[in-house]
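Everything below concerns the one structure shown next.
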Amino acid sequence: MTTVPKQLVEQQKAAVNNIVAAQNALFSGFEKLVDLNLKVIKATLGDVAQTSQQATEAKDPQEAVALVSSLAQPAAEKAAAYSKDVYQIVSQVSNELLKLSESHVAEVQKNLSESIDQLAKNAPTGSESAVALLKSTLASANNAYDSLNKAAKQAAEVAESNLAAATAATVQATEQATKVATQATRARKA
């Protein structure tokens, strides 16, 4: 077998392995999301049953209002926790896919570099400038890819930071609203 067919077979194997790894990462993420949703549904059904029981035991409207007010903060915290869990799952899958694409790009870059070196060895005299141009173009493309990759990672970090800040602000606002509602209910009872 010659070198070219061996290289093609190896490239095809690597491509199939990358596709399988990407499918596994996506399916794993989907599986985690389904599991998370099933847990949330089960917990929500239990909470609804408990809340319904408490609501039927309320003796007056003020007690019902107090019950509703007391549920706001835990509900907001649960929603924030759910959003965070979903984000973590999606982020994990995204990171796995990013690692796969980075390794694939590195392999392609290596193959191109080797091809250019092979071309340089077999190039006719006087084509050194064309080979140098090819090498320079490949280096520029690699640098551009690295810069874009770094920018994408920074953007993901900023998005994660913003999500954490928004979650904290939502929980804090719900806590304040719950306190106000509770104080208003107590004031009515007095």
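The values are calculated or read from the model by the stated rules, or taken from the named source; none is laboratory data. These numbers come from a predicted model, not from an experiment. In this analysis, Cβ positions are derived from the backbone assuming ideal geometry, glycine residues included, and neighbour counts consider all displayed protein chains. Note: areas computed on protein heavy atoms with side chains; ligands, DNA, RNA excluded. Shrake-Rupley method; radii C 1.70, N 1.55, O 1.52, S 1.80 Å.
Projecting the Cα atoms of VAL131, ILE116, GLN154 onto the charge dipole of the stretch 84-190, computed from C-beta unit charges around the Cα centre, puts GLN154 farthest toward the positive end. In the chain, helical runs assigned H by DSSP with n ≥ 4 each contribute -39500 (n - 2.57); averaged across all residues and rounded to the nearest 500, the mean residue ellipticity at 222 nm is -35500 deg cm²/dmol. As a ratio to 2.2 N^0.38 Å, the alpha-carbon radius of gyration computed for the stretch 94-134 takes the value 1.63. Can you find, among GLN23, ILE89, SER69, the residue sitting farthest towards the positive end of the charge dipole of the stretch 1-95, where Lys and Arg contribute +1 and Asp and Glu -1 at Cβ? It is GLN23, whose Cα lies furthest towards the positive end. Near VAL131: Cβ cut-off under 14 Å, other residues only, Lys/Arg at +1 and Asp/Glu at -1. The net charge is -1. For the stretch 1-47 versus the stretch 85-145, the spacing of their alpha-carbon centroids is 24 Å. Solvent-accessible area per residue in the chain equals 72 Å², computed with a 1.4 angstrom probe and all protein chains kept. Taking 19 Å as the cut-off, the amide N atoms of the stretch 25-46 that come nearer than this to a point 7 Å along the Cα-to-beta-carbon line of ASP85 belong to 27-46.
Among the trypsin sites (Lys or Arg not before Pro) in the stretch 50-104, those placed in a DSSP loop whose Cβ has at most 12 other Cβ atoms within 10 Å are LYS59.
Summarising the label geometry, the points placed 7 Å from Cα in the beta-carbon direction at GLN92 and GLN109 lie 2.8 nm from one another.
Rounded to the nearest Hz, the phi-derived 3J(HN,Hα) couplings of the stretch 170-176 under the Karplus curve 6.51 cos²θ - 1.76 cosθ + 1.60 (θ = phi - 60°) are 5, 5, 5, 5, 5, 4, 5, where x marks glycine and proline.
Based on Cα contacts under 8 Å between residues 6+ apart, the chain shows a relative contact order of 37 percent. Across the stretch 32-37, coupling constants 3J(HN,Hα) worked out from phi with the 6.51/-1.76/1.60 Karplus curve, θ = phi - 60°, read 5, 5, 4, 4, 4, 5 Hz, and Gly and Pro carry x.
For Kirkwood radius over Cα pairs in Å, the candidate list reads (i) 22.4; (ii) 17.3; (iii) 16.8; the entry that matches the value derived from this model is (i). Applied to the stretch 130-143, the Karplus parametrisation 6.51 cos²θ - 1.76 cosθ + 1.60 on θ = phi - 60° returns per-residue 3J(HN,Hα) values of 5, 5, 4, 5, 4, 5, 5, 5, 5, 5, 5, 5, 5, 5 Hz, with x for Gly and Pro.
For the chain, carbon and sulfur atoms together expose 62% of the accessible surface, with a 1.4 angstrom probe and every protein chain in place.
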